[in-house]
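Each value in this text was obtained by applying a stated rule to the coordinates, not by laboratory testing. Because the structure is a prediction, the values reported are computed rather than measured. With ideal geometry, Cβ positions are generated from the backbone for all residues, glycine too; neighbour counts draw on all protein chains shown.
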Amino acid sequence: MSTAKGTPLVLGLSHLFGETLNMDQRVSYWQAQGLLIDFSLDLPVPEEKRKRLLNNQSARWARLVYMRFPSSAGGWGLEFVTHAPPEQAPLRGTCVDKNVEEEIKPSVGTAIRLAVQAPRPAKWRDPDGGELIFETRLCVPTSVLVKTPSIDADGAVLETLGFVHTPFSVQEMELLKGLCPGVGGGWFFQSPLFPQRAVRVVLEPESRRAGTPKVDDLGFSGISLLTKDLDEVGRHLPLAGRQRFRLDSREHEVAFYGGQGLVVEMLQVRLP
Amino acid sequence: MDVENEIIHYLDERINDPSLKVDAQTSLIAKGLLDSLDLLDLMEFMERRFQIKLDSADLNPDDFENPGLLAALVHRKASGLKSG
């Protein structure tokens, strides 16, 4: 796999996403930490995406709630998702149905953590295991720590998208030795036009994970990357679950790539 | 309308701030008038309206700083010249 003419296929980090057992509880948790709801919507679940669902492959609808810190406007956000079975479609009114809560069983737990530069250190773990770490010493704006059984395979995917592998700096090593011991470097991407969306992806060895990751793993299950050309990405990676939806004055188009431990959503936004 | 004025007109409508009149020298990025998604919209507008193709190699912040520089980028791309 290689990038097209060495041109990056991505523009930077859009957000982390993950399934939730109780949308109200999880949203309340992050509101208490200072995040605001950007938008929420219900979407049909494409057939191809259902194959990437672990807990509820009969889901016909998904409810999304997108949140961000006021200070991260123009940068990363968090997206929480509840996939619902067909008899509850479309989801309306209260965010979580008791039946959904009973049907969904926790899977592998949190596989992705987000470390962000901030004035004061903090470590938050939400009710579904989603972990956000605020660090004062981080040398890059945002680091996503991803557990994977194959660093080589997922690293190759990141390089296809335009990421470059670099060793940690001394400062990063000092910080990350506590978060992901034994890892000496990660994959970095920054577009000069979108510096607030720069991201370091750190792949951590994980031998316990059985099977491929699913888009509805609890906690944070995948990362969403902005792209300007979803078609071009599709020429380099087999994308699944391609879907368009309209939000305010923009059209969003998403598709997924499932790696060994890495689940990547590619997001293109454009004028309708 | 020429390229520069079309870009200014688009930005005026997009930013939609009665207290701000966009002109060729209005600083778009340094003043934080456009966030990442606004920039993507702007690129989409320029590609569609002026029949050019911008790729990642064209995303130089210097070219996006104001409408005058954006118009220059459009002219370069339309004439097949490289960015920068």
The range A:157-169 - phi-based ³J(HN,Hα) in whole Hz, Karplus 6.51/-1.76/1.60, Gly and Pro as x: 5, 4, 5, 4, 6, x, 6, 10, 7, 9, x, 5, 6
DSSP bridge pairs, the range A:212-272: antiparallel proportion in percent, nearest 5: 80 percent
Exposure proxy order (Cβ contacts within 10 Å, fewest to most) of A:Thr20, A:Thr148: A:Thr148, A:Thr20
Fewest-first sequence of B:Glu44, A:Glu159 by Cβ atoms within 10 Å of each Cβ: A:Glu159, B:Glu44
For the range A:144-208, convex hull volume per residue from C-alpha positions, Å³: 87 Å³
Exposure proxy ranking, count of Cβ atoms within 10 Å, fewest first, for B:Ser27, A:Ser40: B:Ser27, A:Ser40
